[in-house]
Amino acid sequence: MPNLAATDSLILLIYGFFMLTAGFSLKPAMTSGQQFMQAGRAMPSWLCGLAMLGASLGSQELLGMGAAGARYGMASVAFFALGSIPAMLFAGLFLMPVFYGSNSIAVESPQKPSTFAARSIPEYLGLRFDRKTRLLNAGMFAAMSAFSAGIALYAMGRVFVALHIFDQVAGTLNLPPAGTLLLAMALPAALVLAYVLLGGLGAAMYNQALQFCLIVAGLLPMVLLGLKRIGGWSGLKAAIPPNALHAGTRSLGAGAVVFAVGAGLVLGGATWCTDFRLLQAAMAAKNVEAARKAPMIAAALRVFVVIVLILPGLIAVVLPTPHTSIVIHNDNGVIYHEITVVPPAVEAGSGLVPAKADADGKPQMGADGHAALDYAMSTPNMLLQFLPAGLLGLGMTALLACLMGGVAASVTSFSTVFTCDIFQAFLAKNAADKRLLAVARWAAVGGVLLAFGAACAAMRFNSLFDAIVLVFAVVNAPLFAVLMLGAFWKRATGHGAFAGLIAGAAAALLHHGLALPRGEQPGIRGGWIAVLHHPASELALGLGTAMLAFLVSLLVAAAVSLFTKAALREDLQGLVFSLTARPSAIGPRWKRPEAMAAAILLAAIAVSLIFI
Amino acid sequence: MFYDPRISLGMLFTLIGTVLTAFGVATRSNADMYAKSLGIDANLWWGLVLLVFGIAALVLGRRGQIKLEKK
């Protein structure tokens, strides 16, 4: 494994320098809590869109999409594109006017100050429902964002160690092997914290746009070279065996297809319509029109991003698997033996996807007798395979950028939610703005420390890694149901929402505790109460849990709402879609957001059809 | 908006593009190094692509910045 050349390190350094530059140049503008937590609500839509994309491409997503390509084949493009794009368009068309709030109202009644411009999703819940719902969601969200940032640090830290990126630095510091992993997690986290402290959400968004461009710039040459290596598009089609997802859906029948579509919509909605880590970028837009366009711009680019991130996995499995080889050649009577030693775990893999290695470096065997593959390594291994020194540095920069974009989104959203929805709402109601600014900065420090703690815990207990799907189902899926009811149904009440959130979370935990994917041990992967049924795979368990949490939460919230007292109509102005001022239609019909959304959706479907 | 982000984007990519292009030119004859990238001097070509992208972003960003300051 090569150490990084000087050029590679130079590119990494340039990137690190620019990350901090954004922080330093925004520092003078950070004079108020609003500037820090909402970037002054003055961002153009394209920057918000790019920042949403950058935030959505955390390390799990980048590694996960490559893994899905290697594991499930071409159809994963359709799954990722069609699972997210409808939700993004929906968020842009119908949810942003409600979440962004105030401005559209303020236009109509300028004498009434915008008292209810929600700064965060929990704050929206507080305005729409009540304080207990707000606190419950704020607590759950803060825990989730710190935890998932920790898992992201650990996931990418492991890859950095496998790629020996920090070996030189660790070598000069004389660190033990475990110390290298800690360094690989601490260094990006510290850099993120530095620019967030300096420039708040604004710096995070500027950097996310930068990071998004770097991810594409770093991965695209590898994808192009990989495609060329296996003979272009037709070569790829010919090389791919009939893929697993297709075989699975065929054997399960139409029910599975409906299930997959439904689950895709729930997962996409729970991410793009619900997750404040992504929505914070759109909520920092300069006006409601820009806020509506932001998720759509992200959606338009998303199809392309999904393809660039999934193709490495597709190509990685079909390339020849490296084997230990001895080449003997005779040079003027001197016999040379050229031995290329390949670790057994790599040899047992499929293509460039290695098998998971146990402590002795031997390949681990799965339940079916085949080696268990470490799919997460497919994209990093592709980078090593195709990029020469120089471009390799850019590829590593892309990995680092993706990690930092995701972690920064978690840190800023954690800071905002803690400051607005826990500190200001419950601890110090009349806190001065200066104090809020200070609290927001300290909350960012706290968020990074919690995330780092979670990363260390994941290092100690590897199985925490698998808990991320469960955490998502417990927090985001019920919240999606409650937000849908809150934004579109006037009759939904605070008690209903509170009960819905709790019931949904409980249902997710219960389902996870009672189901176990085939060939797994009971524990963090499911079945820790009793094993009642066996979903086909981890993916099926995760989808099922999220879907159930969503449905239970929807039903419970609706039922309890009907039995409790409804809120007054006046109190819901601007908080429910039907009581929100419509942005007035300006310009020709084809230039309006609705037309834009329809065009993006059609394009996404067309691209997905090519891949199915 | 604080400043036009295309300026920093342009500066970053112009810089990286220049480094890659220069490195690509310097190592053009090194066939061993480019065996990985199928014999293509990927540094040179991709460096040029990034350089063009960076300069375009820089030009657009400059214009955007002037508009921003007029407001």
How far is helix A:494-514 tilted, in degrees, relative to the longest principal axis of the Cα atoms in chain A, given as a value from 0 to 90 rounded to the nearest 10? 20
Please report, in debye to the nearest 20, how large the charge dipole of segment A:305-403 is about its Cα centre when each Lys and Arg carries +1 at its beta carbon and each Asp and Glu carries -1 there. 240
Under a GNM of chain B (C-alpha, springs under 10 Å), which listed residue has the highest mean-square fluctuation: B:Leu44, B:Leu12, B:Leu60? B:Leu60
Within 10 Å, at most 13 other Cβ atoms, and a DSSP state outside H, G, I, E, B define an exposed site. Report the longest part of chain A free of exposed trypsin sites (Lys or Arg not before Pro). A:1-428
Treat each spin label as a single point 7 Å out from the Cα along the C-beta direction, and report the A:Arg592 to A:Phe94 distance in nm. 1.6
Divide by every residue of chain A the summed helix terms, -39500 (n - 2.57) for each DSSP H run of at least 4, and state the resulting mean residue ellipticity at 222 nm, rounded to the nearest 500 deg cm²/dmol. -22500 deg cm²/dmol
Of A:Thr564, A:Val471, A:Phe80, which is farthest towards the positive pole of chain A's charge dipole, taken about the Cα centre with +1 and -1 on the beta-carbons of Lys, Arg and Asp, Glu respectively? A:Thr564
With 0.36 nm assigned to each residue of separation and the Cα-Cα distance removed, A:Ile335 to A:Leu532 gains 64.5 nm
What order do you get for A:Phe423, A:Phe550 when you list them from fewest to most C-beta neighbours inside 10 Å? A:Phe423, A:Phe550
If you wrap segment A:282-420's Cα atoms in a convex hull and average its projection over all directions, what's the area in nm²? 14.8
Counting only backbone N atoms under 18 Å from a point 7 Å out along Cα-to-Cβ of A:Thr31, the residues of segment A:423-446 in range are A:432-438
Per residue of A:21-30, other chain Cβ atoms within 10 Å number on average 2
If you place +1 on the Cβ of every Lys and Arg and -1 on the Cβ of every Asp and Glu, how big does the dipole about the Cα centre of segment B:5-70 come out, in debye to the nearest 20? 400
For the protein assembly as shown, what ratio Rg/Rh do Cα atoms give with a Kirkwood hydrodynamic radius? 0.97
Read phi for every residue in segment A:232-237 and hand back ³J(HN,Hα) as whole Hz from Karplus 6.51 cos²θ - 1.76 cosθ + 1.60, θ = phi - 60°, with x for Gly and Pro. x, 4, 5, x, 5, 4
What's the average, rounded to a whole number, of partner chain beta-carbon atoms within 10 Å of each residue's beta-carbon in A:381-393? 5
Quick one: putting +1 on the C-beta of Lys and Arg, -1 on the C-beta of Asp and Glu, what dipole do you get for the protein assembly as shown around its Cα centre, in Debye to the nearest 20? 2340
Considering lysine pairs in chain A that are 8 or more places apart or on different chains, how many have Cα atoms under 17 Å apart? 6
Pairs of alpha-carbon atoms within less than 8 angstrom and 6+ residues apart define the contacts here; what relative contact order does chain A have, in percent? 27
Segment A:428-499: percent of C-alpha pairs farther apart than 19 Å? 64
Report, in degrees rounded to the nearest 10, the 0 to 90 angle that the Cα long axis of helix A:391-417 makes with the longest principal axis of chain A. 30
Given R₀ = 60 Å, FRET efficiency for A:Ser325-A:Leu449 by Cβ-Cβ distance, to 0.05? 0.80
What does the convex hull of the Cα atoms come to per residue for chain B, in Å³? 67
Which residues among segment A:371-400 fall inside the zone where the amide N is under 13 Å from a point 7 Å beyond the Cα of A:Val169, along Cα→Cβ? A:397, A:400
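Read the figures in this text as sums done on the coordinates, not as results from a lab. Quantities reported herein were computed from a predicted structural model and do not represent experimental measurements. FYI the Cβ positions are ideal-geometry reconstructions off the backbone, even for glycines, and counts take in every protein chain you see.
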